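Written below as structure tokens is the structure these notes are about.
The values are calculated or read from the model by the stated rules, or taken from the named source; none is laboratory data. All of these numbers come straight from a predicted model, not from anything done at the bench. Cβ placement follows ideal geometry from the backbone for every residue including glycine, while neighbour counts extend to all protein chains displayed.
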């Protein structure tokens with residue numbers, strides 16, 4: 001396994017996703033836009049390390065850091081505050097779309113669902129994943145078909161209008 005510096009761990013701690021590809025993309029965007037030379041160098045070094053890992057090893061490393069890492073100071077940035085809140089809540093991290101994903105604001109998108117993947121036959125996700133997706137009307141119909149076939153179990157649903165969510169029910173209410 002690789003060894004990360006404290007600065008590299010701090011970057012990993014704030015990542016949204018746990019998958020290798022998502023992490024690499026997020027860090028690469030950070031490298032592209034940061035003006036801080038030292039932070040860019042740290043992020044580029046982290047990218048090299050993550051690219052050497054397999055998907056499973058990378059996911060294990062990221063999940064471990066996000067679960068167990070503690071900032072050496074009080075959270076100062078929005079990314080740090082979100083990461084600390086996520087860690088303290090113990091909330092299960094969702095695969096799929098982030099709550100503020102661009103898909104949420106697509107005029108064609110009319111539904112948001114959170115669901116558990118129950119079968120390896122599901123068209124999206126891996127068995128055991130909990131996912132969030134923003135869907136068009138046809139995508140939502142496919143999700144309902146997957147639920148009828150016991151491939152997924154929808155936990156909550158919201159109507160989406162101009163990025164606003166109106167929940168029909170919340171997890172555990174049905």
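Contact map, region 28-40: residues that are in contact (Cβ under 8 Å) with a residue 60 or more places away in the chain paired with residues that are in a helix (DSSP H, G or I), Cβ distance under 6 Å, separation 6+ or inter-chain. No pairs are found. Residues being over 30 Å from residue 161 (Cβ atoms) and surrounded by fewer than 17 Cβ atoms within 10 Å (Cβ to Cβ) are entirely absent from region 98-111. Of the candidates 93, 9, the single residue that is under 23 Å from residue 125 (Cβ atoms), under 19 Å from the mean Cα position of the chain (by Cα) and surrounded by 13 or more Cβ atoms within 10 Å (Cβ to Cβ) is 93.
Residue 126 meets each of the listed conditions (1) exposed (fewer than 12 other Cβ atoms within 10 Å of the Cβ); (2) within 19 Å of the chain's Cα centre (by Cα); (3) part of a helix (DSSP H, G or I) apart from (3). Just one of the listed residues (23, 41) is at pLDDT 85 or above, under 23 Å from residue 3 (Cα atoms) and surrounded by 17 or more Cβ atoms within 10 Å (Cβ to Cβ), and it is 23. Residues to consider are 135, 165; find the one that is surrounded by fewer than 18 Cβ atoms within 10 Å (Cβ to Cβ), over 27 Å from residue 66 (Cα atoms) and touching a helix residue (DSSP H, G or I) at 6+ places or on another chain (Cβ under 9 Å). Result of the check over 135, 165: 165.
Can you tell me which residue among 63, 58, 31 is outside the structural domain of residue 162 (by TED's automatic domain parsing) and within 12 Å of the chain's Cα centre (by Cα)? Give the steps one after another, and end with the answer.
Working: 58 fails: within 12 Å of the chain's Cα centre (by Cα); 31 fails: within 12 Å of the chain's Cα centre (by Cα).
Exactly one of 63, 58, 31 is outside the structural domain of residue 162 (by TED's automatic domain parsing) and within 12 Å of the chain's Cα centre (by Cα), namely 63.
The number of residues in region 96-122 that are more than 21 Å from residue 154 (Cα to Cα) and within 14 Å of the chain's Cα centre (by Cα) comes to 1.
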